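Trainee: One structure coming up, written as structure tokens, with questions to follow.
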Amino acid sequence: MFADEHHLLDKDYISEGCSTLDSSEASVTHKFIYPHHIKKTYWIEGVVKGHITLGASDCTSTVTAYRATVCKIHLDNTETELATSGWVTVNDTLAWDAGLSVGEEMVYPFWIDVWDEQMLDEEERIYFKIEVTCNNCTHLYHSNDSTWEDLWVSIPFRL
């Protein structure tokens, strides 16, 4: 299950010894699987909220839209979108300072209304998907850093 992915969504900081990438190219779809079963059967109901952090890397970047989606993957590897923020249109230029080798960063919030409860069972896993429309100099930050929440999501589980 999720053989092509390497991102995990965990509720707590792990440790600085954990091997992770600080960021990835934002123009590809990113899927973060939640590694635990909540209960044998559970529901998602309420408002999923959070934010993503995008930044310029190696050149000045342009971000034009982003979308956050809560999904589930079934035992047979088929996937179902449960709820989405929809595409949020922005027009942001993130500057790159070549002299200092540092890029401007911007935090983008999202809210996803899950008014119709979504059920998951023991054969399904939940994951969070991020899609960004941007140029290839834009990075999505997802570091394992106890001092900075670059990617944050809160999912309201009902048992």
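Trainee: Quick check on this structure: which one of Asn91, Asn77 is loosely packed, with under 13 Cβ neighbours inside 10 Å, in contact with a Ser or Thr (Cβ under 7 Å, 6 or more places away or on another chain) and not charged (D, E, K, R)? Break it down into steps so the answer makes sense when it comes.
Mentor: Values: Asn77 fails: in contact with a Ser or Thr (Cβ under 7 Å, 6 or more places away or on another chain).
Result of the check over Asn91, Asn77: Asn91.
Trainee: Then there is this: Against the condition out of contact with any Leu (no Cβ under 7 Å at 6 or more places or on another chain), touching a residue at least 40 places away in the same chain (Cβ under 8 Å) and either of a type in the set (Val, Ile, Thr) or surrounded by fewer than 16 Cβ atoms within 10 Å (Cβ to Cβ) (or both), how does Glu131 come out, does it pass?
Mentor: Values: out of contact with any Leu (no Cβ under 7 Å at 6 or more places or on another chain): yes; touching a residue at least 40 places away in the same chain (Cβ under 8 Å): yes; either of a type in the set (Val, Ile, Thr) or surrounded by fewer than 16 Cβ atoms within 10 Å (Cβ to Cβ) (or both): no.
No.
Trainee: So in the range 45-89, with the set limited to residues that are outside any strand (DSSP E or B) and among the hydrophobic types (A, V, I, L, M, F, W, C), which one is farthest from Lys129 (Cα to Cα)?
Mentor: It comes out as Cys59.
Trainee: Restricting attention to the range 46-63, report how many residues are of a type in the set (Val, Ile, Thr) and either exposed (fewer than 15 other Cβ atoms within 10 Å of the Cβ) or under 11 Å from the mean Cα position of the chain (by Cα) (or both). I'd like the intermediate steps shown before the answer.
Mentor: Of the range 46-63, the ones of a type in the set (Val, Ile, Thr) are 47-48, 52-53, 60, 62-63.
Adding the requirement that they be either exposed (fewer than 15 other Cβ atoms within 10 Å of the Cβ) or under 11 Å from the mean Cα position of the chain (by Cα) (or both) leaves 47, 52-53.
Here the count works out to 3.
Trainee: Tell me, yes or no, whether the range 13-32 has at least one residue that is within 21 Å of Phe157 (Cβ to Cβ), surrounded by 16 or more Cβ atoms within 10 Å (Cβ to Cβ) and at pLDDT 85 or above.
Mentor: yes
Trainee: For the range 124-159, how many residues are assigned to a loop (DSSP other than H, G, I, E, B), within 10 Å of the chain's Cα centre (by Cα) and of a type in the set (Val, Ile, Thr)?
Mentor: 0
The values are calculated or read from the model by the stated rules, or taken from the named source; none is laboratory data. Values in this document were obtained by computation on a predicted structure and should not be read as measured data. With ideal geometry, Cβ positions are generated from the backbone for all residues, glycine too; neighbour counts draw on all protein chains shown.
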